[in-house]
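Before any comments, here is the structure.
Read-outs: derived from the displayed coordinates by stated rules, not from any lab. Since this is a predicted model, take the numbers as computed values, not measurements. Please note: Cβ atoms are built from the backbone with ideal geometry, for glycine as well, and neighbour counts cover all protein chains shown.
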Amino acid sequence: MTIETIQQDFFARGEDGLPKYRRLAETLAHLIESGQLAPGDKLPTHRAMADTLGVTVGTITRAYAEAERRGLLEARVGAGTYVCPSHRPGWVFSYPTQTPDECNLGYNIPPYVDRSAPLAQAMQTLSQQAEQLNHLMLYQAPQGLSEHRDMICHWLNRHGIELDPTRMHFTSGAQHAIQLVLSVFCRSGDTLLTEHLVYPGFLGLARQMQLNVKAVEMDEQGLIPESLDAACRLYQPRMLYCTPTLQNPTTAIMSRERREAILAVCRRHQVLVIEDDVNGLLPVDAPPPLVNLDREQVIHFGSLSKCLAPGLRLGYIQVPGKYQDRLNTALHHHCLMISPLLSALACELIRQGDADRLLTTIRQDMGQRKLLLERYLQPYHIQHHAQSFHTWLTLPDHWRLSDFVSAAEARHVIVKSAELFTPPGSTIPQAVRLAVSAPHSHDKLEQGLAILAELLAQEPYPDFPL
Ligand SMILES: Cc1ncc(COP(=O)(O)O)c(C=O)c1O
């Protein structure tokens, strides 16, 4: 591909009524779609492009930004602008099959716990309440039944999460909460800030909604306030999305001081904070969630997926008071309401004491899995936490990321590449996420960890072009 091809297509479009930057964005879209520009191709510099087309550098900047917004290009800091990989790996969930010879460390699911007895008990109790059952089968207000909100908020409050039952809404898990927030607060082309490494479910939604995601530097406590401040100045973002507790994938937990500092920056720049607290109930001693510190600056959501069961599909969200009506309307438009049968079931599990018992069992099981992790991977750079489902492993210098992921897969161990967690345009670290919680048994986990330790210790076979 030469700059002349771009020039020809651009001028062949004639005066199509579009501003010049849009005409160039259309040109690039056409050349990429027709295969004349291939994934990984580097685009001419802004200056060279401007001189060739006889337009200003500003026009080229806007055109490249527009193409970036459409997911066609990515700007790599200090390295130029490139055509995006057409098959950038997506986050397509398939439940770990756990074939006999496979150890799947791919998905952040709770460790296997037999939930059948408490669930059967909860359903039996519900089944004996005829009037209540009939009531649960009716349409309800989008916010969900007040007695269910009272019960679940009370339980969350006991675990240090201060939500208000008059303001909280149920959602269909945390993923649905993210979608709701983005659809209520963002429009195509808006810029959002997030951690340098981030939950792929968020990246997928942002991409689908054509939002620009800009990464903010992190340290062992997550977002760095000074970098956030600089990013707010540079991008004037609409919102910040972050996971202050057991960040996915790095497991970082912000201290209380760090949380205060992040909120202070956001208040200064009038940036709303989206707090994803999906893992907030897992640690025994997490600092208070952001929503406890400033509920008028924070959109908070969480879910029962990690601490009880993802199959319950029950999450919750609370927005600042002035946005309450907008959220209510959006939820109504999305799905009218979340099935009250699910919130009734969750309430029953709480009432019976099983919600707490399950959480304790999950925490204890993770503690044992962590000991196995340390036994095998201690010599390597791992970031983990006693109650986190996942671990972040930075590869030794002699391993290339894609080689390691493939080598592990060849030995039937599935790990997730850092590529999935990296927003477009950011540097991809040589690291993988290991969902230590996912293998069905401790034996299976140990088998997978032993293989990873073996691989990490060996030099990959040198495969260089001669
Ligand atoms: C950070 C983060 N947010 C949201 C979700 C989605 O959670 P849910 O199952 O409640 O939709 C996940 C799932 O792993 C997650 O890791």
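Miscellaneous remarks
- Computed from the C-beta positions of Gln210 and Leu138 and an R0 of 22 Å, the FRET efficiency is 0.05 to the nearest 0.05.
- Under 16 Å from the Gln124 label point (7 Å along Cα→beta-carbon), backbone N, the stretch 319-358: 348-349, 352-354
- Placing a label point 7 Å from the Cα of Ala386 along the Cα-to-Cβ direction, the residues of the stretch 243-280 with a backbone N closer than 16 Å are 246, 253.
- Nitroxide proxy distance, nm - points 7 Å out along Cα→Cβ at Ala48 and Gln324: 5.8
- R0 of 30 Å, Cβ-Cβ distance His412-Ser34: FRET efficiency to nearest 0.05: 0.15
- Neighbour net charge for His442 - beta-carbon separation under 13 angstrom, K R +1, D E -1: +1
- With Cα atoms defining each centre, the stretch 283-302 and the stretch 323-344 are spaced 21 Å apart in the structure.
- Subset of Lys322/Lys370; Lys322/Lys416; Lys214/Lys306; Lys214/Lys370; Lys306/Lys444 violating a 31 Å alpha-carbon distance limit: Lys322/Lys370; Lys322/Lys416; Lys214/Lys370
- The stretch 3-83, relative contact order in percent, only Cα pairs under 8 angstrom and at least six apart counted: 33
- Peptides 177-185, 241-249, ordered by how many other C-beta atoms sit within 10 Å of their residues on average, highest first, read 241-249, 177-185.
- If both residues of a DSSP beta bridge must be in the chain, then about 55% of such bridges are antiparallel.
- Stretchable slack from Gln8 to Ser255, in nm (0.36 nm times residue separation minus alpha-carbon distance): 83.4 nm
- Alpha-carbon centroids, the stretch 356-399 and the stretch 139-160: separation in whole Å: 32
- Cα centre as origin, Lys/Arg/Asp/Glu Cβ charges: the chain dipole, Debye: 840
- Fraction of beta bridges assigned by DSSP in the stretch 116-355 that are antiparallel (%, nearest 5): 35
- Antiparallel content of DSSP bridges confined to the stretch 244-339, in %, to 5: 50
- Pairs of C-alpha atoms in the stretch 173-294 farther apart than 23 Å represent 23 percent of all such pairs.
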